[in-house]
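Note sheet for the following structure.
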Amino acid sequence: MSHKHEQLLRTIFTDPPSNNIHWREVESLLNHVGAEMENIPGARLRVKIKRMETILHRPHHSHTLDRQGIKHLREFLARAGVTVSAVEKS
């Protein structure tokens with residue numbers, strides 16, 4: 001995993017959640033970990049990693065995720081096994 005993606009993953013799993021996570025960086029990370037992504041109506045994105053699936057909401061009036069969006073992303077990545085500790089092991 002690139003240093004940029006590893007740093008983003010650390011930021012996602014940091015408490016309290018950062019207010020400076022850009023949506024394009026999240027999409028890049030998801031692509032890098034092999035996520036299947038499908039655009040669905042309403043500025044939403046269906047994301048599948050391994051057998052886990054979720055719906056993420058793109059930011060409407062900015063390019064950064066809000067805290068609730070970050071928490072949702074964090075929970076999904078953890079369920080899918082994409083965590084800081086998993087990255088450090090590889």
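Computed values, structure above
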quantity: Accessible area of segment 21-90 divided out per residue, in Å², using a probe of 1.4 angstrom; calculated: 63
quantity: Share of carbon and sulfur in the accessible heavy-atom surface of the chain [1.4 Å probe, %]; calculated: 48
quantity: Taking the C-alpha atoms of the chain, convex hull volume expressed per residue in Å³; calculated: 87
quantity: With DNA, RNA and ligands ignored, accessible area of E53 (1.4 Å probe; Å², nearest 10); calculated: 90
quantity: Top positive-direction residue, dipole computed over the chain with Cβ charges, set Q7, S28, V82; calculated: V82
quantity: 3J(HN,Hα) from dihedral phi, segment 59-64, Karplus parametrisation 6.51/-1.76/1.60, rounded to Hz, x for glycine, proline; calculated: x, 8, 10, 8, 9, 10
quantity: In the chain, trypsin sites (Lys or Arg not before Pro) in a DSSP loop with at most 15 other beta-carbon atoms within 10 Å; calculated: K50, R51
quantity: Solvent-accessible area of S2 with every protein chain in place, 1.4 Å probe, in Å² to the nearest 10; calculated: 50
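The values are calculated or read from the model by the stated rules, or taken from the named source; none is laboratory data. All figures in this text were calculated on a predicted structure; none of them were measured in a lab. Note: ideal-geometry Cβ built from the backbone for every residue, glycine included; neighbour counts use all protein chains shown. Quick note on the areas: whole protein, heavy atoms, side chains included, nothing else; ligands and nucleic acids left out. Shrake-Rupley method; radii C 1.70, N 1.55, O 1.52, S 1.80 Å.
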